[in-house]
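Okay, structure first, notes after.
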Amino acid sequence: RSVMAVVQYPDESELADELKQLDAEEAAVIEGVHTKYAERRREANEAFRARMQEARRREVEISQRLEAERAAKEAARRQEEERQKAIEQERIAAEYAEQRMRDEAQQMDEQAKLNEELARQRALHEARQPR
């Protein structure tokens, strides 16, 4: 009991000041944690935005490249179609010309036969005529 009598209790104002000091330190630590967290979150958001921008840029680039490839394939397809059409037209024209030549040759043959027949009949007729 004599020891307890010697221990002095700090007065309330000292305790209140110490409590305020601890509260202030705690608030500063919490503020520091919040600041660090906010900074990390901001950095993470910026990095995410940068990655998203890059992904969008690549998407546009790929889309443009695919569109260009599609257009080139379409142009090549149309060109091949035109080439095939031209070949077919040439083939038809050649067939038509060949048929026309055959028809003309046949007509000439028929005309020659008619001329021969006519000449033969004239010769027979002249041979029957008295001289």
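Seen against the Cα atoms of the chain and their longest principal axis, helix 12-128 is set at about 0 degrees. Once the other residues with Cβ under 12 Å from the Cβ of residue 49 are scored (Lys, Arg +1; Asp, Glu -1), what is the net sum? Around residue 49, the surrounding residues sum to 0. The residues of the range 84-131 expose on average 99 square angstrom of accessible surface per residue, using a 1.4 Å probe on protein heavy atoms. Averaging Cα coordinates gives a centre for the range 31-58 and one for the range 113-131; these two points are 114 Å apart. Rg then Dmax, both in Å and based on the Cα atoms of the chain: 55.7, 191.
The values are calculated or read from the model by the stated rules, or taken from the named source; none is laboratory data. Quick caveat: nothing in here was measured; it's all calculated off a predicted structure. Cβ coordinates were reconstructed from backbone atoms using ideal geometry, including for glycine residues, and neighbour counts include every protein chain displayed. The area values use the complete protein model at the heavy-atom level, side chains included, leaving out ligands, DNA and RNA. Shrake-Rupley method; radii C 1.70, N 1.55, O 1.52, S 1.80 Å.
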